[in-house]
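Engineer: One structure coming up, written as structure tokens, with questions to follow.
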Amino acid sequence: MDGGNQEFPVGRRWPDCPGADEILGCGSKGDIRAWPGQASLCENASYAPLGLSHFPVAPKGFRPGLYSGAASRLGITICLPLVVRSFSSHTDSGGPHVLPKNVRNRASSAIFHGAIKPMGRTLTATIPPATDTRFFGHPRGLATLFFTEMWERYSYYGTRALLILYMTAATVHGGLGFSVVKAGSIYGFYTAMVYLLGMPGGWIADRIIGQRRAVLYGGILISVGNLCLASPSITAFYAGLALLMMGTGLLKPNVSTIVGQLYSPEDRRRDAAFSIFYMGINVGALVSPLICGWVGEKINWRLGFAVSALGMVAGLTQYLLSGSKLLGEAGLHPSSTGDLERDQRQKRSGSLVIAGFLFVIVVLAVLASRGVISITAETISNALGWVLIALAAAVFSWMILGKGWSLQERKRAGAIAVLFIASAIFWAVYEQAGSSLTLFAERNTNRHLFALLGLHHGEDFLYPASWFQFVQPAFVLILAPIFAWLWIRLGSREPSYPSKFSLGLLFVGFGFLVMVPAARGTNVSPHWLNVSYFLSVMGEMCLSPVGLSAMTKLAPSRAQGFVMGVWFLSIGTGNWMAGKAGSLYETVPLPKLFGIGAAVAIAATVLLAILVKPTKKLMGGVS
């Protein structure tokens, strides 16, 4: 039979479809077109949701796939009725259960793995990521994530380039007039928290809202936060920093997790995908100091933060326009324990914890603003150091000793702990680019344009100190393809993850060792910083992209967002230490300050080299 033009009021059974347990009509008038529950059981049934003329007879074996989200992924807007949740036998014992009009089923579905023709228009399902090679051999969805992260990093590094300079600038020059100690403490607290909050941000995505919504909400908070920094109010300044911390905590770990979800564990494109993704990070970081730094230092500090906000708005726009079409199911839903009631309890308890945390923050802020309690930047920063130590200990105690983990997962947690410590030390040295090295660029470096060429200068162009933060991402863009080629070229001789981490620490240690003689002078050549940045980026190429990849491989499937948050916790810990180092700029002799950074990194290199083999065993075959 051809049921293509048949229409049924709500409550009528679909003929020749005895296996369907649930049928729901969907319409706005008296006559409602019915929806068959399962095409393979209703080979003669037609598909006629409201708003479409009708679907032709479904071919044999045609099965609608799981639907979650709107039919906009197929390029159409329709009133989508219920798809069968369960099937009994082909023997009807009592007929199908008919749900009331306008009732929606959470499990409703409509991604069609084939072509359909509503109103004469052919629609084809999105290409599955596993077979999609439209973006340099990778899924097209990787481009969406690439540009989302690129604009987020544009925003972050634009703000970072200006932050400590803005805080230490005199009020007559439009700055806040903070002391170096206070500014360094705030800088360390802020940069640590944007990564520290990646852990709850990953958990919220895993258990409550899914990675896709977490990225969206995070981007909104970042945009608003930067606009708050553009306000002349000191209260708005601190509120803006808080919004930036929370927004980055939601966006940063989860956009990386979605990248991993585009690929199966066996897909050999995964590591290359993270290298491409990492390029997006550095394109944003490359451009933002030049634009935001120039506007902030040469025109107006607060206008520089507003320009930073525009970048995140651009990233959100392209994410909303292309994400639903290109990312498939990646990151769309929170993970499930398999127990619906337990999932709901976790969502409720998690929401209460989040609300309680925000309430406490608001109360403390109000009390501090009214002088009821005394809270200083130094006090908060020092307290954060203890919190970071306690949090790291608690996380790894739970992952290694807690219940619910398999033996292999516990061993891999041990490997993550080793890489965590190495990462924290690396970033403690590397991230001084935004604290002590930025102050060195402003106060101790010859920033006249001709000095770059080794020429004598008169009153030529004096470029902003924030422009030095463009140097590292520039080296990344140059070195990233070289290192990607190198790892492939080495083949079976490619170093393991622990070995690469050890190399990363060695290079960043040498980068700071170079600064020791430079720190004894004033108005020194800019090439001291350039050489230091080059060596630190050599280390970054050995540690950062492979670290992202290692976390996605070592993480249990049910806790990928959380483990990615743990990775960012290590970066946050390093950023906190970098901020504390910056706060010592005026109280510790610079050769000693830079020498300590070099010594710690090189000592960690030796220790990790000794631990390479034991760590590889803990990784359980991950490479």
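Engineer: Being under 23 Å from TYR190 (Cα atoms) and modelled with pLDDT under 90 is the filter here, so list the residues in the stretch 555-570 that pass it.
Structural biologist: The initial filter retains those residues of the stretch 555-570 that are under 23 Å from TYR190 (Cα atoms), namely 561-570.
Matches in the stretch 555-570: GLY561, PHE562, VAL563, MET564, GLY565, VAL566, TRP567, PHE568, LEU569.
Engineer: Continuing with this model, one more query. Please name all residue pairs, on different chains or six or more residues apart, with Cβ atoms under 6 Å, provided the first residue is in the stretch 429-451 and is free of Cβ contacts under 8 Å to residues at least 24 places away in the same chain and more than 23 Å from ALA603 (Cα to Cα) and the second residue is not β-branched (Val, Ile, Thr) and not in a helix (DSSP H, G or I).
Structural biologist: Once the first residue is free of Cβ contacts under 8 Å to residues at least 24 places away in the same chain and more than 23 Å from ALA603 (Cα to Cα) and sits in the stretch 429-451, its partners that are not β-branched (Val, Ile, Thr) and not in a helix (DSSP H, G or I) give HIS448/HIS457; HIS448/ASP460; HIS448/LEU462; LEU449/ASP460; LEU449/PHE461; PHE450/HIS457; PHE450/ASP460.
Engineer: Does ILE421 satisfy being surrounded by fewer than 17 Cβ atoms within 10 Å (Cβ to Cβ) and among the hydrophobic types (A, V, I, L, M, F, W, C)? Lay out the reasoning, then the answer.
Structural biologist: Numbers: surrounded by fewer than 17 Cβ atoms within 10 Å (Cβ to Cβ): no; among the hydrophobic types (A, V, I, L, M, F, W, C): yes.
Here the answer is no, as ILE421 does not meet what is asked.
Engineer: Among what's in the stretch 156-168 and is farther than 18 Å from LEU243 by Cβ and in contact with a Phe, Trp or Tyr (Cβ under 7 Å, 6 or more places away or on another chain), pick the residue that is most open to solvent (accessible area, probe 1.4 Å). Don't jump to the end; show me each part of the working.
Structural biologist: The initial filter retains those residues of the stretch 156-168 that are farther than 18 Å from LEU243 by Cβ, namely 161, 164-165, 168.
Cutting the leftovers down to in contact with a Phe, Trp or Tyr (Cβ under 7 Å, 6 or more places away or on another chain) gives us 164, 168.
Working: ILE164: 2, THR168: 28 Å².
Here the residue is THR168.
Engineer: All but one of (1) under 25 Å from the mean Cα position of the chain (by Cα); (2) modelled with pLDDT of 90 or more hold for SER179; which doesn't?
Structural biologist: For SER179, the failing item is (1).
Engineer: Can you confirm whether VAL395 is open to solvent by less than 40 Å² (accessible area, probe 1.4 Å), more than 17 Å from LEU548 (Cβ to Cβ), hydrophobic (A, V, I, L, M, F, W, C) and within 25 Å of the chain's Cα centre (by Cα)? Steps first, please.
Structural biologist: Values: open to solvent by less than 40 Å² (accessible area, probe 1.4 Å): yes; more than 17 Å from LEU548 (Cβ to Cβ): yes; hydrophobic (A, V, I, L, M, F, W, C): yes; within 25 Å of the chain's Cα centre (by Cα): yes.
The answer is yes for VAL395.
Engineer: Within the stretch 298-310, can you find the residues that are open to solvent by 10 Å² or more (accessible area, probe 1.4 Å) and either within 17 Å of GLY219 (Cβ to Cβ) or touching a Phe, Trp or Tyr at 6+ places or on another chain (Cβ under 9 Å) (or both)? Walk me through it before giving the result.
Structural biologist: So the first thing to find is which residues in the stretch 298-310 are open to solvent by 10 Å² or more (accessible area, probe 1.4 Å), and the list is 298-303, 306-307, 310.
Answer for the stretch 298-310, where residues must be open to solvent by 10 Å² or more (accessible area, probe 1.4 Å) and either within 17 Å of GLY219 (Cβ to Cβ) or touching a Phe, Trp or Tyr at 6+ places or on another chain (Cβ under 9 Å) (or both): TRP301, ARG302, ALA306, VAL307, LEU310.
Engineer: Exactly one condition in (1) out of contact with any Gly (no Cβ under 8 Å at 6 or more places or on another chain); (2) open to solvent by 10 Å² or more (accessible area, probe 1.4 Å) is not met by VAL537; state its number.
Structural biologist: Failing condition for VAL537: (2).
Engineer: A further question on this structure: Going residue by residue through the stretch 432-444, is there one that turns out to be under 27 Å from the mean Cα position of the chain (by Cα), among the basic types (Lys, Arg) and not in a loop (DSSP other than H, G, I, E, B)? Before you say what the answer is, go through the steps one by one.
Structural biologist: Within the stretch 432-444, the first condition is being under 27 Å from the mean Cα position of the chain (by Cα), and the residues that meet it are 432-438.
Then drop every residue that is not among the basic types (Lys, Arg), which leaves none.
There is no residue in the stretch 432-444 that is under 27 Å from the mean Cα position of the chain (by Cα), among the basic types (Lys, Arg) and not in a loop (DSSP other than H, G, I, E, B).
Engineer: Check THR587 against each of (1) open to solvent by less than 20 Å² (accessible area, probe 1.4 Å); (2) within 23 Å of GLY188 (Cβ to Cβ); (3) hydroxyl-bearing (Ser, Thr, Tyr) and name the one condition it does not meet.
Structural biologist: For THR587, the exception is condition (1).
Engineer: Going by the conditions given, is GLY509 out of contact with any Lys or Arg (no Cβ under 9 Å at 6 or more places or on another chain), of a type in the set (Gly, Ala, Ser) and modelled with pLDDT of 90 or more?
Structural biologist: Judged against the criteria, GLY509 is a match.
Engineer: Another one. Answer yes or no as to whether LEU486 is assigned to a helix (DSSP H, G or I), open to solvent by 40 Å² or more (accessible area, probe 1.4 Å), without any contact (Cβ under 8 Å) to a residue 12 or more places away in the chain and more than 30 Å from GLY247 (Cα to Cα).
Structural biologist: On the way: assigned to a helix (DSSP H, G or I): yes; open to solvent by 40 Å² or more (accessible area, probe 1.4 Å): yes; without any contact (Cβ under 8 Å) to a residue 12 or more places away in the chain: yes; more than 30 Å from GLY247 (Cα to Cα): yes.
Considered against the rule, which asks whether it is assigned to a helix (DSSP H, G or I), open to solvent by 40 Å² or more (accessible area, probe 1.4 Å), without any contact (Cβ under 8 Å) to a residue 12 or more places away in the chain and more than 30 Å from GLY247 (Cα to Cα), LEU486 comes out as yes.
Engineer: Could you check the stretch 504-612 for helices (runs of 4 or more DSSP H) lying wholly inside it with 3 or more residues that are free of Cβ contacts under 8 Å to residues at least 24 places away in the same chain? Even if it seems obvious, please write down each step before you answer.
Structural biologist: Values: elements: 527-554, 560-583, 590-610.
Fully inside the stretch 504-612 and qualifying: 590-610.
Engineer: Where residues in the stretch 270-297 are of a type in the set (A, V, I, L, M, F, W, C) and open to solvent by 50 Å² or more (accessible area, probe 1.4 Å), which of them is farthest from GLY218 (Cα to Cα)? Don't jump to the end; show me each part of the working.
Structural biologist: If we filter the stretch 270-297 for residues that are of a type in the set (A, V, I, L, M, F, W, C), which is where we start, we get 272-274, 276-277, 279, 281, 283, 285-287, 290-292, 294-295.
Next cut, open to solvent by 50 Å² or more (accessible area, probe 1.4 Å) only: 279, 287, 290-291, 294.
Working: MET279: 21, VAL287: 22, LEU290: 25, ILE291: 23, TRP294: 26 Å.
Ranking the qualifying residues of the stretch 270-297, first place goes to TRP294.
Engineer: Taking the criterion of being in a helix (DSSP H, G or I) and over 25 Å from the mean Cα position of the chain (by Cα), would at least one residue in the stretch 411-427 satisfy it? Show your work before the answer.
Structural biologist: Step one: list which residues in the stretch 411-427 are in a helix (DSSP H, G or I), which gives 411-427.
Still in the list and also over 25 Å from the mean Cα position of the chain (by Cα): 411.
Within the stretch 411-427, one or more residues are in a helix (DSSP H, G or I) and over 25 Å from the mean Cα position of the chain (by Cα).
Engineer: Right, another one. For the stretch 197-269, which fully contained helices (runs of 4 or more DSSP H) count at least 1 residues that are among the basic types (Lys, Arg) and open to solvent by 30 Å² or more (accessible area, probe 1.4 Å)? Give the steps one after another, and end with the answer.
Structural biologist: Numbers: elements: 198-204, 210-229, 234-261.
It comes to 210-229.
Engineer: Test of understanding: among ALA599, ALA609, ALA578, which residue is at pLDDT 90 or above and open to solvent by less than 40 Å² (accessible area, probe 1.4 Å)? Steps first, please.
Structural biologist: On the way: ALA599 fails: open to solvent by less than 40 Å² (accessible area, probe 1.4 Å); ALA609 fails: open to solvent by less than 40 Å² (accessible area, probe 1.4 Å).
Step by step, each of ALA599, ALA609, ALA578 is checked, and only ALA578 is at pLDDT 90 or above and open to solvent by less than 40 Å² (accessible area, probe 1.4 Å).
Engineer: Still on this model: Against the conditions (1) at pLDDT below 85; (2) within 29 Å of ALA236 (Cα to Cα); (3) open to solvent by less than 50 Å² (accessible area, probe 1.4 Å), where does LEU364 fall short? Just the number, please.
Structural biologist: Exception for LEU364: condition (3).
The values are calculated or read from the model by the stated rules, or taken from the named source; none is laboratory data. Note that the structure is a prediction, hence the values are computed from the model and not measured. All Cβ positions, glycine included, derive from the backbone under ideal geometry; neighbour counts span all protein chains shown. The protein model used for the area step is the full one, side chains on, heavy atoms only, and it has no ligands, DNA or RNA in it. Shrake-Rupley method; radii C 1.70, N 1.55, O 1.52, S 1.80 Å.
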